[in-house]
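Everything on this sheet refers to the single structure shown next.
The values are calculated or read from the model by the stated rules, or taken from the named source; none is laboratory data. Values in this document were obtained by computation on a predicted structure and should not be read as measured data. Cβ placement follows ideal geometry from the backbone for every residue including glycine, while neighbour counts extend to all protein chains displayed.
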Amino acid sequence: MAKSVRKKIAKELRQQLKLPKNSETTIFVAISGGKDSAVLLESLVDLVGDRPDVTIIAGTVDEGIEGYRPPSLICAQELCDTLGVEFITVSYPELSFKEMDEVVERIPALVKEGKNAPRMPCSYCGVFRRQGINHLAQKVNADFIALGHNLDDMAQTVLMNMTNGDLERTLRLAPHTTTPVDGLAPRIVPLRWIPEQEVHLYALHKNLPIHHEECPHAKGALRWRHREMVATMEEDVPGTRHGLLRMADNIKVLRDQVIDLGGFEARPDPPTLCPNCGQITSGNQCKACDLRALMSD
């Protein structure tokens, strides 16, 4: 099993990570202390870590979740120390965001006040965490950002986009090697064809330091419902996860074929810079600043 997992990761990495010749490349690996990012970092170090033209730096965004993030940070630090990788962090307060424990306490009042506030903590945390990852990647001048999304994660995201009728988000799914987003380092996802269970078994086989607990604020989130749906569908119809991801890839291929044939411009409009924080956004102001303003009232 371990050889199979490593083979699939190496194949995806060759397809996604296009290293320029005669130039140094910095890869920022977003790690959480969990199994997926631990396997991702260990694999990257093993596969490309010895190259003199490649620098690997790992980092964690500290959301401020008592009892969950502190022990996972210890695992992340231990993993980096073992692999000889530089480890950096950033907290939500450093990004001018409220810590998630405070956000969770304030959500009921915000909803009651009718401020069109999201009801689920993940709606805030996902936005803040993405900006934290961008911040750390920019801090080290990363050429690529590596994320530990496994097959189950990817299938859930595709299904969520389908149920929302959100084609644009499907087109923006990582990897971004051939379709980078202006202003952002391309995302790579080498684990995207590895089922979650195999990732977990691989991490245990390699004896990687991992934090096993789930986020205490995640239950009830939309992703959890799609997680259960994908698991049920996979059990009833094996191959469902692969089919969902292949469909997303096929949509991207179709989009590129339309462009190559001289059809309409099917790519989303290039992002602009948020006037408040300078981060890229598809609107007049980024979602992180919208939520930051909501929490500051």
Have a look at H200, H211 and point out the one that is farther than 22 Å from A10 by Cα and either modelled with pLDDT of 80 or more or buried (at least 17 other Cβ atoms within 10 Å of the Cβ) (or both).
H211
Whether any residue in the range 217-228 is more than 15 Å from Q156 (Cβ to Cβ) and surrounded by 14 or more Cβ atoms within 10 Å (Cβ to Cβ) is what I want to check.
yes
Return yes when G220 is farther than 28 Å from N250 by Cα and part of a loop (DSSP other than H, G, I, E, B) and no when it is not.
yes
Check whether at least one residue in the range 9-26 is of a type in the set (G, A, S), more than 30 Å from S96 (Cα to Cα) and not in a loop (DSSP other than H, G, I, E, B), and report yes or no.
yes
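If I go through the range 191-206 residue by residue, how many of them are of a type outside the set (F, W, Y), farther than 21 Å from L19 by Cα and outside any helix (DSSP H, G or I)? Walk me through how you get there before you give the answer.
Here is the first cut: in the range 191-206, the residues of a type outside the set (F, W, Y) are 191-192, 194-201, 203-206.
Keeping just the survivors that are farther than 21 Å from L19 by Cα gives 194-201, 203-206.
Keeping just the survivors that are outside any helix (DSSP H, G or I) gives 194-195, 206.
Within the range 191-206, residues that are of a type outside the set (F, W, Y), farther than 21 Å from L19 by Cα and outside any helix (DSSP H, G or I) number 3.
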Looking at the range 213-229, which of its residues are closer than 18 Å to H200 by Cα and either of a type in the set (A, V, I, L, M, F, W, C) or touching a Lys or Arg at 6+ places or on another chain (Cβ under 9 Å) (or both)?
C215
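Conditions (1) in contact with a strand residue (DSSP E or B) (Cβ under 8 Å, 6 or more places away or on another chain); (2) under 21 Å from L136 (Cα atoms), marked per residue:
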position: S4; (1), (2): no, no
position: K18; (1), (2): no, no
position: F28; (1), (2): yes, yes
position: G49; (1), (2): yes, yes
position: V54; (1), (2): yes, yes
position: S72; (1), (2): yes, yes
position: A76; (1), (2): yes, yes
position: L95; (1), (2): no, yes
position: R106; (1), (2): no, no
Sort out for me the helices (runs of 4 or more DSSP H) sitting completely within the range 114-190 that have 3 or more residues that are polar (S, T, N, Q), more than 12 Å from the chain's Cα centre (by Cα) and modelled with pLDDT of 90 or more.
151-163
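Can you name every residue in the range 88-106 that is among the β-branched types (V, I, T), surrounded by fewer than 19 Cβ atoms within 10 Å (Cβ to Cβ) and assigned to a helix (DSSP H, G or I)?
Let us first name the residues in the range 88-106 that are among the β-branched types (V, I, T), namely 88-90, 103-104.
Those left that are additionally surrounded by fewer than 19 Cβ atoms within 10 Å (Cβ to Cβ): 88-90, 104.
The one that is among the β-branched types (V, I, T), surrounded by fewer than 19 Cβ atoms within 10 Å (Cβ to Cβ) and assigned to a helix (DSSP H, G or I): V104.
For (1) within 18 Å of L41 (Cβ to Cβ); (2) of a type in the set (D, E, K, R); (3) in contact (Cβ under 8 Å) with a residue 24 or more places away in the chain, each residue gets a yes or a no:
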site: T89; (1), (2), (3): yes, no, yes
site: V104; (1), (2), (3): no, no, yes
site: E113; (1), (2), (3): no, yes, no
site: N116; (1), (2), (3): no, no, no
site: P121; (1), (2), (3): no, no, yes
site: Y124; (1), (2), (3): no, no, yes
site: A155; (1), (2), (3): no, no, yes
site: R172; (1), (2), (3): no, yes, yes
site: H176; (1), (2), (3): no, no, no
Candidate set from the range 28-41 (those that are assigned to a helix (DSSP H, G or I) and not hydrophobic (A, V, I, L, M, F, W, C)); member that is nearest to H211 (Cα to Cα)
K35
Quickly run through the range 66-118 and pick out the residues that are β-branched (V, I, T) and in contact with a Pro (Cβ under 9 Å, 6 or more places away or on another chain).
I74, T82, V103, V104, I107, V111
For the range 42-70, how many residues are in contact with a helix residue (DSSP H, G or I) (Cβ under 9 Å, 6 or more places away or on another chain), assigned to a helix (DSSP H, G or I) and either among the basic types (K, R) or over 27 Å from L17 (Cβ atoms) (or both)?
1
Counting only residues in the range 268-297 that are exposed (fewer than 13 other Cβ atoms within 10 Å of the Cβ) and part of a loop (DSSP other than H, G, I, E, B), the one modelled with the highest pLDDT is identified as P275
